[in-house]
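Asks: Provided herewith is a single structure, encoded as structure tokens, for subsequent inquiry.
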Amino acid sequence: MGFRWSLVRASAALAVALAAGHLAQAVRPPGQVDLIRTAGLDPVAPPPQAASVPKSASLGSGLVDSTPDLTRITPVSAELPPVADCPATLGLTAQPGAMIGLSLTAPCNRAERVVIRHAGLSFTARTGAEGTLHVQFPALQEQALVAVYLEGSAIVLGEIAVPDLADLTRFAFQWDSPARFDLRVTEGDRLFVGTDSQTSDPLQQKVLTLGTPTVTDPLLAEVYTFPTTGAEVDLTVELRIGPETCGRTLDARILTLRAGRIDLRDYPVAVPLCGTSGDILVLKNLAPDLKLAAPK
């Protein structure tokens, strides 16, 4: 009996030693990204068996809720093969109206779909023929963390301080389906809707439309910033019912920013059965608390 226990202990010790010997090549668990590029960190290649990040095709997929944790990843293994010399760089600037200007250079990701995520806001874009991208979008955090998901399971991270956000109230409606939702905002006697493309000055757009609908698996959003005056505000979202949407339940999310706090909730939209094509579904009472508490 004593010999058996000694043999068991020896086997266990050998297993621990073997596991420790492989630790340097298994420092990252399966399911993490193939490549993470961050400011101040060298790229780290994955173990050969590492799984890829999902394509971030839906509002809830990917690492949207754990993105801040990525900044704490530190390269520790020097034995892994080097990554191809094709760096992606991300530049962020704070712009008037608590907007963020994003400039991406990714020479190995030309004319490709990318996903931009920030504080629960997600939308797709496409890089240009040279692998560059320039876009503006509303900030939702004073210390704003932005993640850009590239094809090939790479992520580029950036951070920017947005000092003039504290007093703003914002509302966003976002979705990941072939449907086209329209956020309609009434301020007093004026009506505002989103447009399919950004103007040279997004501050002139009261309802800012984000996302490129022509990429595969598009993520789209419309964002409205409440006025700082006491204007009466009414929010509705309209959906024109068509063959591609009738009889389905569409996934959407509502994001609200008020007093520096972000609230994100799922908002499934049940579309009436087919046979009503061409009708318009109107969604009301989307954020009654925001309307009551809008700045005066």
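The values are calculated or read from the model by the stated rules, or taken from the named source; none is laboratory data. Here the structure is a predicted model, which is why all the values come from computation and not from measurement. Positions of Cβ are backbone-derived with ideal geometry, glycine not excepted, and every protein chain shown enters the neighbour counts.
Asks: Based on what the data block shows, is residue 258 outside the structural domain of residue 111 (by TED's automatic domain parsing), surrounded by 16 or more Cβ atoms within 10 Å (Cβ to Cβ), out of contact with any Gly (no Cβ under 7 Å at 6 or more places or on another chain) and at pLDDT 90 or above?
Replies: yes
Asks: Which of the following residues is in the same structural domain as residue 257 (by TED's automatic domain parsing), at pLDDT 95 or above and touching a strand residue (DSSP E or B) at 6+ places or on another chain (Cβ under 7 Å): 143, 174?
Replies: 174
Asks: Among the listed residues 158, 242, 211, 152, which satisfies the condition of being small (Gly, Ala, Ser) and more than 18 Å from the chain's Cα centre (by Cα)?
Replies: Exactly one of 158, 242, 211, 152 is small (Gly, Ala, Ser) and more than 18 Å from the chain's Cα centre (by Cα), namely 242.
Asks: Here's something else I'd like to know. Can you pull out every residue in the stretch 216-252 that is β-branched (Val, Ile, Thr), in a loop (DSSP other than H, G, I, E, B) and buried (at least 16 other Cβ atoms within 10 Å of the Cβ)?
Replies: Selection gives 241, 245.
Asks: Kindly indicate the residue of the stretch 189-208 that is part of a loop (DSSP other than H, G, I, E, B) and at pLDDT 85 or above and also nearest to the chain's Cα centre (by Cα) among those meeting that condition.
Replies: 206
Asks: With respect to residue 165, is the statement that it is part of a loop (DSSP other than H, G, I, E, B) and at pLDDT below 95 true?
Replies: Yes; evaluated as a whole, the condition is true for this residue.
Asks: Can you tell me which residue is surrounded by the fewest Cβ atoms within 10 Å (Cβ to Cβ) among those in the stretch 100-159 that are among the charged types (D, E, K, R) and in contact with a Lys or Arg (Cβ under 8 Å, 6 or more places away or on another chain)?
Replies: Among those that are among the charged types (D, E, K, R) and in contact with a Lys or Arg (Cβ under 8 Å, 6 or more places away or on another chain), it is 130.
So that you can scan it fast, the table gives a plain yes or no per residue for (1) among the aromatic types (Phe, Trp, Tyr); (2) farther than 28 Å from residue 110 by Cβ; (3) in contact with a Phe, Trp or Tyr (Cβ under 6 Å, 6 or more places away or on another chain):
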| position | (1), (2), (3) |
| --- | --- |
| 174 | no, no, no |
| 183 | no, yes, yes |
| 187 | no, yes, no |
| 208 | no, no, no |
| 215 | no, no, no |
| 219 | no, no, yes |
| 248 | no, yes, no |
